[in-house]
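Reviewing the structure listed below.
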Amino acid sequence: MSLEELVSLERIENFNNIRLKETYLVYNLPLSKLFVEVLEELKKDIFPVLDIHILLYSLRFVPFTDEAEGLEAFKALKACLDKDLYGSPVQWTSTKICNNLEKLCELIVYEYFIEGSLIVYHNYEIEWDLSVCISPPS
């Protein structure tokens with residue numbers, strides 16, 4: 001993960017070095033930068049699970065220029081992530097995920113900024129405390 005605005009504050013592992021819980025701080029992260037980083041990784045056939053989780057969570061608070069088209073692409077990606085369909089190349093390839101994300105990116109008019117924290121547990125259950133706003137927090 002190369003996002004400078006995403007910092008791991010605390011990581012708790014068991015004796016086998018398996019992550020049980022990790023707390024992240026997100027500071028002043030532009031939504032457009034998150035889109036770019038995720039798309040770059042997907043084009044290399046790398047699936048940045050946490051970045052995509054943050055992106056989809058943030059998109060819940062952003063209006064789309066075509067709400068019907070945006071919600072359709074959003075719901076498809078959310079279902080893909082929730083059901084781990086990205087692991088099955090027959091249904092969801094990196095290219096298909098990229099296409100949906102690019103469609104969503106085009107449907108957003110303004111720059112939004114993400115800030116807050118999240119806790120990721122070993123089963124990828126996430127506790128969210130993120131906010132999305134149209135101007136950078138001061």
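Quick notes on this structure:
- Cys98 sits among other residues whose Cβ lies under 12 Å from its own Cβ, and their net charge, with Lys and Arg +1 and Asp and Glu -1, is 0.
- For the chain: accessible area per residue (Å², 1.4 Å): 57 Å²
- Shape class of the chain from the Cα gyration tensor (axes a ≥ b ≥ c, square roots of the eigenvalues): oblate, since a/c reaches 1.5 or more and a/b does not exceed b/c.
- The chain: relative contact order in percent, alpha carbon pairs under 8 Å with at least 6 residues between: 31 percent
- For region 92-138, the percent of C-alpha pairs falling in each 10 Å distance bin, counted from 0 to the bin holding the largest distance, reads 21, 28, 44, 6.
- Net charge contributed by nearby residues that have their C-beta within less than 14 Å of Tyr27 (K/R +1, D/E -1): -3
- Using the Cβ of Tyr121 as centre and a radius below 10 Å, the other residues enclosed give a net charge of -1, where K and R count +1 and D and E count -1.
- Cα-Cα over 25 Å, subset of Lys44/Lys96; Lys44/Lys103; Lys43/Lys103; Lys21/Lys44; Lys21/Lys96: Lys21/Lys44; Lys21/Lys96
- Computed over protein heavy atoms with a 1.4 Å probe, the carbon and sulfur contribution to the accessible area of the chain reaches 52%.
The values are calculated or read from the model by the stated rules, or taken from the named source; none is laboratory data. This structure is a prediction, so every number in the text was calculated from the model and none was measured. In this analysis, Cβ positions are derived from the backbone assuming ideal geometry, glycine residues included, and neighbour counts consider all displayed protein chains. Each accessible area value is taken on the protein alone, full model and side chains, heavy atoms only, with ligands, DNA and RNA left out. Shrake-Rupley method; radii C 1.70, N 1.55, O 1.52, S 1.80 Å.
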